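Just below is one structure, and these are the notes that go with it.
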Amino acid sequence: MTGSGGRPAIEYQSAANPHKPYVAQLYSPAGAGVLLDAPKDHLHHHGLMFALGVDGLTFWAEANKFGRQVPRATNRSGGRLEQVLDWQLPDQRTVLVEDRAVIVHPETGASATLVTWRSRLRVAAGQPAVNLTGSHYYGLGLRFVREMDAHGKFFLGGGAEGESVRGTERLTPAAWCAYTATLRGQPVTVAVFSHPENLRPPPRMFTMCTPFSYLGATLNLWKEPYRLEPGRTLDLRYGVAVWDAVPDSATVEALFQRWVALVSR
C-alpha cells in the first residue's frame, strides 16, 4: 500500500502466517523500513501487530495450543484495507469477530508516513460474554529492526515517567509515544497514537529498550480484564507515524491532533 507520491507505505501480511495477519513492514517517507518480522528471539513478534488474551488464552504467542486470528474476508481499495477476522480457539470455535481496517493517509500536510489501525471487536454469534485479558504488553505492538535497538530514545505526550514492570520495561499513561533512533545512518522516529475515545484513556504505553526495542499501546488488561458482552462492540483506533527526522514533542502533538480530527469525521 502506498502513501504520498506513490511511495511504499506499508506491506500487509494477510494470509501466509497461520496465526495472525499483521503489517510486516512500515516505511518512512524516504523508504526506510522500520519493522522486524519473526526474529529468532521471539518468532511471534510480527512487525506491527494486534493481539490480546481471551478468557486467559493468549492470541499473542503462537502455537497450536493458543488462539488464532483467521481472515474470513478481505477488501482492499486504494490506501484502505479491510478484513473480517475470526478469533478462534484451538478447537476452531470462534469466540470473537474483529472488523479490522488499516488505512494509509497520503496527504496529511506533514512530512511523515501516517497510518490508522482500527480494530472493532465483538463476541461471536451464539457465544457468551468473554473477558479480555493478557500480559502487560498485550495490545498494538511494534518490533523495530535491529539497527534501531539499544541506542534509541522514547519520549511521550505528557512527559511523565511511568511504572517500571521489569528490567527496562515501563508502562506510562500517555496519548502518544514516540521512539527515535538511527537507521541507515539517518535519524528516524516512529510514534504511536491512541484515540481519546479508546477504552481507558489514556492508554498505558509499553516501552522497552533492552535486549531489544519495543513500543506498544496497551489497555492495562493485566490488571483490569475487560468483560465484553454479546451485542457490544469494543472500538479501538490507533495511529502510527514515521518521520525521517527527530521531531520535537510539539510536532508530534500537532500530528496527533490532526490524526484525531481525521479519524473522528
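The values are calculated or read from the model by the stated rules, or taken from the named source; none is laboratory data. It should be emphasised that the depicted structure is a prediction, and the values quoted were computed from it without experimental measurement. Neighbour counts are summed over all protein chains in view; Cβ atoms, including those assigned to glycine, are modelled from backbone coordinates with ideal geometry.
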Is there a residue in region 76-92 that is in contact with a strand residue (DSSP E or B) (Cβ under 8 Å, 6 or more places away or on another chain), within 25 Å of Glu197 (Cβ to Cβ), among the acidic types (Asp, Glu) and surrounded by 19 or more Cβ atoms within 10 Å (Cβ to Cβ)?
-> no
Hey, any hits in region 207-214 for a residue that's free of Cβ contacts under 8 Å to residues at least 40 places away in the same chain, closer than 22 Å to Pro247 by Cβ, touching a His at 6+ places or on another chain (Cβ under 9 Å) and buried (at least 17 other Cβ atoms within 10 Å of the Cβ)?
-> no
Can you pull out the residues in region 52-63 that are part of a loop (DSSP other than H, G, I, E, B) and crowded, with 19+ Cβ neighbours inside 10 Å?
-> Leu52, Phe59, Trp60, Glu62
Restricted to region 227-265 and to residues being in contact with a Lys or Arg (Cβ under 8 Å, 6 or more places away or on another chain) and closer than 15 Å to Ser194 by Cβ, the residue surrounded by the fewest Cβ atoms within 10 Å (Cβ to Cβ) is Asp235
Quickly run through region 146-181 and pick out the residues that are β-branched (Val, Ile, Thr), part of a strand (DSSP E or B) and farther than 18 Å from Gly47 by Cα.
-> Val165, Thr172
Would you check if there is a residue in region 64-85 being among the hydroxyl-bearing types (Ser, Thr, Tyr), in a loop (DSSP other than H, G, I, E, B) and more than 16 Å from the chain's Cα centre (by Cα)?
-> no
Here is a list of conditions, (1) over 20 Å from Val115 (Cα atoms); (2) not in a strand (DSSP E or B), and Glu197 meets all of them except one; can you say which number that is?
-> (1)
For region 54-68, pairs from a residue that is among the polar types (S, T, N, Q) to a residue that is not in a loop (DSSP other than H, G, I, E, B), with Cβ under 9 Å and 6 or more apart or across chains, are Thr58/Ala51; Thr58/Thr133
If you take the residues in region 101-138 that are small (Gly, Ala, Ser) and not in a loop (DSSP other than H, G, I, E, B), which one is surrounded by the fewest Cβ atoms within 10 Å (Cβ to Cβ)?
-> Ala101
Name every residue in region 204-226 that is at pLDDT below 95 and out of contact with any Lys or Arg (no Cβ under 9 Å at 6 or more places or on another chain), in order of residue number.
-> Thr210, Pro211
Which one is nearest to Val145 (Cα to Cα), of the residues in region 239-262 that are in contact (Cβ under 8 Å) with a residue 40 or more places away in the chain and in a loop (DSSP other than H, G, I, E, B)?
-> Asp244
Cβ pairs under 7 Å, 6+ apart, first in region 160-173 and within 13 Å of Thr218 (Cα to Cα), second surrounded by fewer than 17 Cβ atoms within 10 Å (Cβ to Cβ) and of a type in the set (Ser, Thr, Tyr) = Arg170/Ser164
Across region 10-51, what is the number of residues that are assigned to a loop (DSSP other than H, G, I, E, B) and either within 19 Å of Asn64 (Cα to Cα) or touching a residue at least 40 places away in the same chain (Cβ under 8 Å) (or both)?
-> 23
